[in-house]
Number of protein chains: 2
Amino acid sequence: MSLSFGARLRTVLDEHGPLCVGIDPHAALLDAWGLPQTAEGVRAFGLTVIEAAAGRVGMVKPQVSFFERFGSRGFAALEDVFTAARAAGLLVIADAKRGDIGTTMAGYAQAWLEPGAPLESDALTISPYLGGGSLAEAIARALPVGKGVFVLAATSNPEGAPLQTALVQHGRTDEPQETVALRVTRDVTALDPHDGALGSVGLVIGATIDRSRFALDDNTLRTVPLLAPGFGAQGATPDDLRLRFGTLAGNVLASESRSILSAGPDRIAATIDERAARYQEVMGG
Amino acid sequence: MSLSFGARLRTVLDEHGPLCVGIDPHAALLDAWGLPQTAEGVRAFGLTVIEAAAGRVGMVKPQVSFFERFGSRGFAALEDVFTAARAAGLLVIADAKRGDIGTTMAGYAQAWLEPGAPLESDALTISPYLGGGSLAEAIARALPVGKGVFVLAATSNPEGAPLQTALVQHGRTDEPQETVALRVTRDVTALDPHDGALGSVGLVIGATIDRSRFALDDNTLRTVPLLAPGFGAQGATPDDLRLRFGTLAGNVLASESRSILSAGPDRIAATIDERAARYQEVMGG
């Protein structure tokens, strides 16, 4: 029995702090870095970020879309980036937002979370439009082998709120209504028996949202890893970590991409150092 | 300016009828077909289905997850399947259910819908948990180059209904509330100016659902292509096409996978012929 993802994540958060470095080789950044718009370009970009991140932070989050646009060659580049990251001791969160049902969803878990798979990562972001319960087969495959998932719950993009704050109809008037984000949260965390320690089924929660609109209170989230994009260029600061997440701050993965990547290949290591130190300071590390 | 996806789809539906053959090489089917659990296995499976489908139906729907589990080699196999399908004149709907925001979502459109891309298809299934509007960049890239999308709306798996029928909060009491499925439908079809002809932004709608629960009436869907999984092994019959979709039946892509694929490599062509004829009969073709 391998250590759970939640337990491994707890160690990484305690040792390295909350900063998670995004790897987003979009076209403008490849240009800025002087790299070609090819699979070779995204491979070189990814490997450079890994080299800079190793020893400075505990986690990286490659954005799969930017590799996928080069087809099978882009995925071969992503495999190399994952291999380098895991060899460097970094926890790899594959940001792919996969979502389907039954054996099809199980296929995505096999692709990203099965030990020995070419795209093996430590955790995968997944999307619950087909219902939190539709993700059960992926979660059932991930947990026993020490892998985790982060389920989209309450995101910071404005188009997301109408759907994620919509109220589930249950046909009873004597019970409070629940938001979609809360329903998803309840459905997926129920699949993770983690006994009070940090769980292996996490959520994606925007750093800048007003959680009360989504009805996601501290008690519901107490042992849930929270992957929070929106730090850095998108507006949230290290101080917001304490301010917005309060007692949950210790379970947050603060994801920064543009603010770090735009430093360019020569300045990225120093930028990661600076940013990581700021989070450690806020967290009292 | 290329012909729109909706126009191309109209021609295919009129000429070949509604049957869309799924390509779902999951583990049990590979075993049943005597194929290895490898990228070579899914390639051989896919190419055999394409050979059987060519000339018998107008469309195929490869399920990306089952290729993805073999990493970059699985995607190379999928590229070969797509190339063979398009060379055979089949419309290819990549069932990948991708969903993200902004430039990340644009990356998925580049991957699957850009002419000349290694994974070029005719249409891509996409997922709107981040809001219908979050998919705008993908739709904006797809339409001008004659490509289409199918957005998850109202699905037949039971775990999907609580989320998809949830009511969007708009804070006004004088207007009717709308379901998530309806809101998504409105948001994405508004991005497709198609002037009364069949559109290029379609929806995924389960074949067996009660559409009234999702508030998706005929008027809202009149010019929207409807990709309907659930035919065949999952319970819906060719007769259900008329029965459940009524005046919309002519815009439905009836997707069958298991019922056809379980015939095995030797019987699949004959099975496709039989099934296609049954749909043509129902549709009066």
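Since every read-out is calculated from the coordinates, none of them should be taken as a lab result. Keep in mind the model is a prediction, meaning the values are calculated, not measured. Every residue, glycine among them, receives a Cβ derived from its backbone with ideal geometry; neighbour counts consider all protein chains shown.
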### Task
Find the centroid of the Cα atoms in the stretch A:155-210 and in the stretch B:56-127, then give the distance between the two in whole Å.
31 Å
### Query
Based on Cβ point charges of +1 for Lys and Arg and -1 for Asp and Glu, what charge dipole magnitude is obtained for chain A about its Cα centre, in debye rounded to the nearest 20?
60 debye
### Summary
Scalar couplings 3J(HN,Hα) for the stretch A:62-74 by Karplus 6.51 cos²θ - 1.76 cosθ + 1.60 (θ = phi - 60°), nearest whole Hz, x for Gly and Pro, are x, 8, 4, 3, 6, 8, 4, 5, 9, x, 4, 5, x
### Task
Rank B:Gly230, B:Gly55, B:Gly148 by mean-square fluctuation in a GNM of chain B with C-alpha springs under 10 angstrom and give only the top-ranked residue.
B:Gly55
### Distances in nm from B:Asp31 to the matching label points in the other copies, shortest first (labels 7 Å along Cα to Cβ)
5.2
### Task
Obtain the nm distance between the two label points defined at B:Asp218 and B:Ala27 by a simple spin-label model: each point lies 7 Å from its Cα along the Cα-to-C-beta direction.
4.6 nm
### Sum of side-chain charges, A:Ala39 neighbourhood, beta-carbon under 15 Å (Lys, Arg +1; Asp, Glu -1)
-2
### Message
Through the Karplus equation 6.51 cos²θ - 1.76 cosθ + 1.60, θ set to phi - 60°, convert the phi angles of the stretch A:261-274 into ³J(HN,Hα) values in whole Hz; use x for Gly and Pro.
### Response
5, 6, 5, x, x, 7, 10, 5, 5, 5, 5, 4, 4, 4
## Note on the structure
Going residue by residue through the stretch B:212-223, the Karplus relation 6.51 cos²θ - 1.76 cosθ + 1.60 with θ = phi - 60° gives ³J(HN,Hα) values, rounded to whole Hz and with x marking Gly or Pro, of 5, 5, 9, 6, 9, 8, 4, 5, 4, 9, 3, 10
### Task
Report, to two decimal places, the Cα Rg of the stretch B:149-210 normalised by 2.2 N^0.38 Å (N = number of residues).
1.24
### Message
If the only charges are +1 at each Lys and Arg Cβ and -1 at each Asp and Glu Cβ, what is the size of the charge dipole of the protein assembly as shown around the Cα centre, to the nearest 20 debye?
### Response
40 debye
### Query
What percent does the relative contact order of chain A come to when contacts are Cα pairs within less than 8 Å and at least six residues apart?
21 percent
### Query
Rg(Cα) of the protein assembly as shown divided by 2.2 N^0.38 Å?
0.93
### Task
Provide the net charge surrounding B:Gly132, with neighbours chosen by a C-beta distance below 14 Å and charges set as Lys +1, Arg +1, Asp -1, Glu -1.
-4
### Task
Name the long-range amide H neighbours of A:Phe150: under 5 Å, sequence gap of 5 or more, or other chain; modelled H, no Pro or chain starts.
A:Leu124, A:Thr125, A:Ile126, A:Gly202
### Query
Under a straight-distance cross-link criterion of Cα-Cα below 27 Å, which lysines are reachable from A:Lys61, leaving out those fewer than 8 residues away in the same chain?
A:Lys97, A:Lys147, B:Lys97
### Query
Per residue and in cubic angstrom, what volume does the convex hull of the Cα atoms of the stretch A:5-282 have?
121 Å³
## Note on the structure
Quick calc, A:Asp14 & A:Thr247: beta-carbon distance into FRET formula, R0 22 Å, rounding 0.05, result 0.85
### Task
Quick one, can you get me the convex hull of the C-alpha atoms of the stretch B:141-285 expressed as volume per residue in Å³?
141 Å³
### Message
Distances in nm, one decimal, shortest first, from B:Glu15 to the same residue in every other copy, taking the label point 7 angstrom along Cα→Cβ.
### Response
6.1
### Query
For label points placed 7 Å from Cα toward Cβ, what is the shortest-first list of nm distances from A:Asp239 to its copies?
7.0
